[in-house]
There are 2 protein chains.
Amino acid sequence: MSETRQRIVAAATELFHRHGFQATSLAAIQQHADVRGGSLYYFFRTKEELLQVTLERYSEILDEAIMDPAFAGAEDPIERVFEVLGQYRSMLVATDFALGCPIGNLAVEMVECGPEIREGLIGDFDLWSRKIEACLDAATDRLPPGVDRTRLAGFVLVVMEGAVLVARGRREIKPFDDAVAQLRDYFDRLTAATPSCEPDAGRVGPDTTNAS
Amino acid sequence: MSETRQRIVAAATELFHRHGFQATSLAAIQQHADVRGGSLYYFFRTKEELLQVTLERYSEILDEAIMDPAFAGAEDPIERVFEVLGQYRSMLVATDFALGCPIGNLAVEMVECGPEIREGLIGDFDLWSRKIEACLDAATDRLPPGVDRTRLAGFVLVVMEGAVLVARGRREIKPFDDAVAQLRDYFDRLTAATPSCEPDAGRVGPDTTNAS
DNA sequence: GTCTATATATTGATAGAC
DNA sequence: GTCTATCAATATATAGAC
């Protein structure tokens, strides 16, 4: 693995995340990677081929930057799900909403693209969902018997992407926090739900709904 | 109001929605509006100024294309919320995932932009949320007493944006349908919830969770 | 108001020296 | 492998005739 190639991928990874695919020129990538001239084409035939490699790199970063620190922040599997959301919150606030979800951004931007890009996006979405689903699997006994955990994990992904999108659009963290609080209320009701009327069913109260 | 100007705005409205802001050239807009040459600059000083007008136009289209037909499809206020989501589903399927939410797309794409664009995006988000909130207000008696309906309306927006984003990224409608089904389950649990243990609390069962 | 013609900058990509 | 030099296309925006 050439060290030059790594610098190019690292630069593309960051700039595509920050500015998007179209808004990032190859000249900017070359400058950021300290590679002069068109020697970028020695490693990648087109800009889209570079994006393809970047999408594979994002699957590695997902663990390093999101999942590992989130899982280290909590033992409880359901709390880990919300720790993951907390990682995105931290990224939004720390960068003043400059950085959102790189996969979500590209899913919006790459309307017309080759099949390789599409497969990369789907692969990253799959990876993300599976990590969350594993948490839900570990909490099976606290969820209602009939819950489709794959579907619920997909719902967490949808809420994360939507919350990041709206928060970045509005440039304020409140809509993100509100969405997470609402998802928390849903999980509270799921974990409190019981087939019949049992003592601790009283947790389904109005309080959890209004928690800020 | 010049008729030429209207044609330009209509062309920009469609092309920005379909291909995005950056991917739409002014030449394409001129061609689509049947306006030759740079006479576009008689009405708009910059491309971003044209986008600004387009954002105002989207607030009108929201009623025409989404809210009016959705509200006509159901009398029940909560059903109307899900009819709104159904409108986005129809748009995704009918266009083979080419058209998503124009506001959501621009919220992702317009990272660095002038304050006018930001205000336009926020205004459109506000308008959308208020329409949903009005539905929730009409269903106050069926929701738990303490529910923050503004926050719940924001959650519906987040789920819609996230569901459209993931469905378009994956190019399949299933993640959208799954997210809507999960939101439906949440609403079922909300409307079934009662302060204490009452007869019809049995609706909080495992069945609703697995409904496809 | 609408047009033609064009300025100016930047884009992704290529050719070829070393 | 990495560089310099450059191509051809396209972008936004402007000037000025009619």
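The values are calculated or read from the model by the stated rules, or taken from the named source; none is laboratory data. Fair warning: this is a prediction, and the values are worked out from it, not measured in the lab. A quick note on method: Cβ atoms are made from the backbone with ideal geometry, for glycine too, and the neighbour counts reach across all protein chains shown.
For this structure, a couple of remarks:
- Enumeration of residues in the stretch B:146-158 that are touching a residue at least 40 places away in the same chain (Cβ under 8 Å) and more than 15 Å from B:Leu127 (Cα to Cα): B:Val147
- All of B:Arg18, B:Arg7, B:Arg89, B:Arg80 fail the test of being more than 17 Å from B:Met160 (Cα to Cα), more than 15 Å from DNA strand D (Cβ to nearest atom) and assigned to a helix (DSSP H, G or I), apart from B:Arg7.
- Those residues of the stretch B:161-180 which are more than 7 Å from every other protein chain (Cβ to nearest Cβ), in contact (Cβ under 8 Å) with a residue 12 or more places away in the chain and part of a helix (DSSP H, G or I), in sequence order: B:Val164, B:Ala167, B:Phe176, B:Asp177, B:Val180
- For the stretch B:150-159, a residue qualifies if it is facing another protein chain (nearest Cβ under 7 Å) and within 11 Å of the chain's Cα centre (by Cα), and the qualifying residues are B:Leu157, B:Val158, B:Val159.
- Verdict on B:Val111 being aliphatic (A, V, I, L, M), facing chain A (nearest Cβ under 10 Å), surrounded by 15 or more Cβ atoms within 10 Å (Cβ to Cβ) and over 12 Å from the mean Cα position of the chain (by Cα): yes
- With respect to (1) outside any helix (DSSP H, G or I); (2) surrounded by fewer than 23 Cβ atoms within 10 Å (Cβ to Cβ), the lone exception for A:Gly100 is condition (2).
- Among residues of the stretch B:40-50, those that are more than 7 Å from DNA strand D (Cβ to nearest atom) and farther than 27 Å from B:Leu127 by Cα, counted: 2
- Qualifying residue in the stretch A:51-66 (condition: within 16 Å of DNA strand D (Cβ to nearest atom) and surrounded by fewer than 19 Cβ atoms within 10 Å (Cβ to Cβ)): yes
- Within the option set A:Leu50, A:Leu55, being near DNA strand C (Cβ under 10 Å from one of its atoms) and either in a helix (DSSP H, G or I) or of a type in the set (Val, Ile, Thr) (or both) holds for one residue only, A:Leu50.
- In the stretch B:13-45, of all residues being among the charged types (D, E, K, R) and away from DNA strand C (no atom under 12 Å from the Cβ), the one that is nearest to the other protein chains (Cβ to nearest Cβ) corresponds to B:Arg18.
- Test for B:Phe187: is it surrounded by fewer than 23 Cβ atoms within 10 Å (Cβ to Cβ), at pLDDT 95 or above and assigned to a loop (DSSP other than H, G, I, E, B): no
- Test result for A:Leu99, out of contact with any Asp or Glu (no Cβ under 8 Å at 6 or more places or on another chain), within 14 Å of chain B (Cβ to nearest Cβ) and within 27 Å of B:Leu165 (Cβ to Cβ): yes
- Any chance A:Phe125 is aromatic (Phe, Trp, Tyr), assigned to a helix (DSSP H, G or I) and within 11 Å of another protein chain (Cβ to nearest Cβ): yes
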